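Below is one structure, written out as structure tokens; comments come after it.
The values are calculated or read from the model by the stated rules, or taken from the named source; none is laboratory data. Nothing here was measured: the structure is a model prediction, and the numbers come from that model. So basically every Cβ, Gly included, is an ideal-geometry build from the backbone, and we count neighbours across all protein chains shown.
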Amino acid sequence: MSDYDFDLFVIGAGSGGVRAGRLAAQLGKRVGVAEESLPGGTCVVRGCVPKKFMVYGADYGASIKGASAYGWSVGDVSFDWPVLRDAIQKEVSRLSGIYSTILEKNGATLFRERAEFVDAHTVRLKKSGKTITAEKILIAVGGTPWAPGIKGAEHAIVSDDAFTLEKLPERVLIIGGGYIACEFAGIYAGLGVKTVQAYRGDRLLNGFDSEVRDEVGSVQANNGIDVKFNISPTEIKETTGGYIVSFDDGSKVGTDVVFMATGRKPNTAGLGLEHAGVEMDEGGAVKVDAQSKTTASNIYAVGDVTNRVNLTPVAIREAVAFIETAFKDNPTAYDHSDIASAVFTRPPVGTVGLSEDEARSKFGDDMTVYSTKFRPMKNTLSGSPQKFFMKLITQGKSEKVIGIHLVGDDSGEMIQALGICVKAGLTKADFDATCAVHPTIAEEIVTLKARD
Ligand code: NDP
């Protein structure tokens, strides 16, 4: 046994940190974990989980609206935000409790306070002042919302604040065109809030397939969201009962809540990485090699703090690979290619593999695009104008499927299974050989025709 207090000390009890801490403890290692907030991290406490509940909340409203076409008589309905908010917070507390129990049941010690580096083998706990040594240290501190420092920026909320708002606003202005901006605009609009989304670019969801970006523009419009393109905010001014936000094109928008969804940054400020020989890139992300090792040989980092692919399941996979590398003598690099993901707009986006533009710049004309757009059966009776968009991209003569992009109901569910197909290297012929499940939306994926 080493002279260190712990074999592994994990800073941050989010998705990556908890998985690594639990697995190391199960191997019989002495594990300490520090968490300054609630165990569970961004995903469980102020991200994916409470957000998805809010999406469900908004979807219930849409279902009620569409129900009369299916024979239901629906009287006056209203939405009570505190009921949903408090139910979500109750569930978040339960889940967070499970995260600490998982660690403690497996023998890890959880310190509910902030830890900062003293040197490469030592951390100091902020509140108690305790100094702890460890043979290996894992940095899993995640990220935090970032907003531009415009005049009046202090009046804006960020995603961390959105789950506990005292009152549902009548009007909201969301700045940004990324994941969080698009998802929350859909949620607020669905909950009956007059929603404006202002984005500095000309198409939402930068980095996604171009047609998906167009479709998401339609999704937001169908939900009644007023999307304003090509504008950036310059000032937020408080007025009686709200705010006026000025933009660089001279326009102004009045609102009750300004929500900055302008990106996230790694949570490395004040962590003392310089005392441990851990280097960061210019954006503050911890630099790691393929096996998540930092520039200090006994220190590793996983998850959003490394700014590779900032998704919960990726942090978990990186944590599992770290355990193989650091404790099982099996150097393992998690393969970040072909990660399926979803954006929970209403309806959502599902995507895996290359976008059409990425495929075109890699393979030129040696690729084929299959796509379709149709009105899902459910929407024919309800009268919803929302269509389903589906695109499949193949490469070369073998027609290996290298990208799938969906926008429409249940895309998030479908893309998980389709991600297996892409990861497994299946071809269009494999899709064609698969019998349809009828009547479903998903059946269209096995009958797609090449785009003209
Ligand atoms: P994103 O990077 O997705 O979006 C940030 C948005 O803010 C972009 O539209 C960006 O514009 C805009 N922006 C940046 N700087 C400024 C500025 N100075 N003024 C005005 N606009 C600005 O970040 P998010 O915070 O939405 O999400 C962070 C990450 O979290 C995501 O990338 C994703 O990895 C993860 N996430 C995943 C979810 C999921 O899986 N469903 C849900 C939520 C988050 P531009 O596009 O022009 O750069």
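Scan the stretch 310-328 and give yes if some residue there is modelled with pLDDT of 95 or more, within 15 Å of the ligand (Cβ to nearest atom) and part of a strand (DSSP E or B), otherwise no.
No: the stretch 310-328 contains no residue that is modelled with pLDDT of 95 or more, within 15 Å of the ligand (Cβ to nearest atom) and part of a strand (DSSP E or B).
Give, as residue ranges, the strands (runs of 3 or more DSSP E) completely inside the stretch 107-189 that count at least 3 residues that are within 16 Å of the ligand (Cβ to nearest atom).
143-145, 171-175
In the stretch 114-123, is there at least one residue being crowded, with 18+ Cβ neighbours inside 10 Å, touching a residue at least 12 places away in the same chain (Cβ under 8 Å), of a type in the set (Lys, Arg) and on the phi < 0 side of the Ramachandran plot?
yes
Here is a check on your reading of the model: is residue 245 of a type in the set (Val, Ile, Thr) and within 12 Å of the ligand (Cβ to nearest atom)?
yes
Matching residues to (1) outside any helix (DSSP H, G or I); (2) within 16 Å of the ligand (Cβ to nearest atom); (3) more than 30 Å from residue 259 (Cβ to Cβ); (4) not basic (Lys, Arg):
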| position | (1), (2), (3), (4) |
| --- | --- |
| 73 | yes, no, yes, yes |
| 78 | yes, no, no, yes |
| 95 | no, no, no, yes |
| 99 | no, no, no, yes |
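Would you mind finding the one in 164, 109, 131 that is modelled with pLDDT of 95 or more, over 27 Å from residue 306 (Cα atoms) and of a type in the set (Ser, Thr, Tyr)?
Every option except 164 fails the conditions.
List pairs: first in the stretch 205-217 and in contact (Cβ under 8 Å) with a residue 60 or more places away in the chain, second assigned to a helix (DSSP H, G or I) and within 12 Å of the ligand (Cβ to nearest atom), Cβ under 6 Å, 6+ apart or cross-chain?
Filtered contacts from the stretch 205-217: 205/213; 205/216.
For the stretch 49-78, which residues satisfy the criterion of being more than 30 Å from residue 98 (Cα to Cα) and among the hydrophobic types (A, V, I, L, M, F, W, C)?
Correct list: 62, 64, 67, 69, 72, 74, 77.
Among the listed residues 259, 247, identify the single one that is among the aromatic types (Phe, Trp, Tyr) and over 26 Å from the mean Cα position of the chain (by Cα).
Only one candidate passes the filter, namely 247.
For the stretch 228-236, check the following and say yes or no: at least one residue is more than 14 Å from the ligand (Cβ to nearest atom) and either within 23 Å of residue 58 (Cβ to Cβ) or surrounded by 14 or more Cβ atoms within 10 Å (Cβ to Cβ) (or both).
Within the stretch 228-236, not a single residue is more than 14 Å from the ligand (Cβ to nearest atom) and either within 23 Å of residue 58 (Cβ to Cβ) or surrounded by 14 or more Cβ atoms within 10 Å (Cβ to Cβ) (or both).
Working only within the stretch 380-416, note down all residues that are of a type outside the set (Lys, Arg), in contact (Cβ under 8 Å) with a residue 24 or more places away in the chain and over 22 Å from residue 205 (Cβ atoms).
Answer for the stretch 380-416, where residues must be of a type outside the set (Lys, Arg), in contact (Cβ under 8 Å) with a residue 24 or more places away in the chain and over 22 Å from residue 205 (Cβ atoms): 381, 382, 383, 394, 395, 396, 398, 399.
Does residue 219 qualify as being buried (at least 19 other Cβ atoms within 10 Å of the Cβ), more than 10 Å from the ligand (Cβ to nearest atom) and part of a helix (DSSP H, G or I)?
Spelling it out, residue 219 is indeed buried (at least 19 other Cβ atoms within 10 Å of the Cβ), more than 10 Å from the ligand (Cβ to nearest atom) and part of a helix (DSSP H, G or I).
Counting only residues that are of a type in the set (Gly, Ala, Ser) and more than 24 Å from residue 411 (Cα to Cα), which one in the stretch 192-211 is nearest to the ligand (Cβ to nearest atom)?
This residue is 201.
With the requirement that a residue be touching a helix residue (DSSP H, G or I) at 6+ places or on another chain (Cβ under 6 Å) and more than 29 Å from residue 384 (Cα to Cα), what does the stretch 214-237 give you?
The answer is 236, and nothing else.
Please indicate, with yes or no, whether at least one residue in the stretch 245-258 is closer than 20 Å to residue 345 by Cα, modelled with pLDDT of 95 or more, assigned to a helix (DSSP H, G or I) and not acidic (Asp, Glu).
no
Being modelled with pLDDT of 95 or more, within 16 Å of the ligand (Cβ to nearest atom) and touching a His at 6+ places or on another chain (Cβ under 9 Å): is that true of residue 214 here?
Spelling it out, it is not the case that residue 214 is modelled with pLDDT of 95 or more, within 16 Å of the ligand (Cβ to nearest atom) and touching a His at 6+ places or on another chain (Cβ under 9 Å).
Could you tell me which residue of the stretch 248-273 is nearest to residue 146 (Cα to Cα), considering only residues that are touching a Pro at 6+ places or on another chain (Cβ under 6 Å) and more than 11 Å from the ligand (Cβ to nearest atom)?
257
List pairs: first residue in the stretch 341-359 and touching a residue at least 24 places away in the same chain (Cβ under 8 Å), second residue buried (at least 23 other Cβ atoms within 10 Å of the Cβ) and of a type in the set (Lys, Arg) anywhere in the structure, Cβ distance under 9 angstrom, at least six positions apart or on different chains.
Here the result reads 356/391, each pair linking the stretch 341-359 to a residue that is buried (at least 23 other Cβ atoms within 10 Å of the Cβ) and of a type in the set (Lys, Arg).
Given the condition part of a loop (DSSP other than H, G, I, E, B) and modelled with pLDDT under 95, answer yes or no: does some residue in the stretch 37-54 qualify?
There is no residue in the stretch 37-54 that is part of a loop (DSSP other than H, G, I, E, B) and modelled with pLDDT under 95.
In the stretch 41-70, how many are buried (at least 19 other Cβ atoms within 10 Å of the Cβ) and away from the ligand (no atom under 16 Å from the Cβ)?
1
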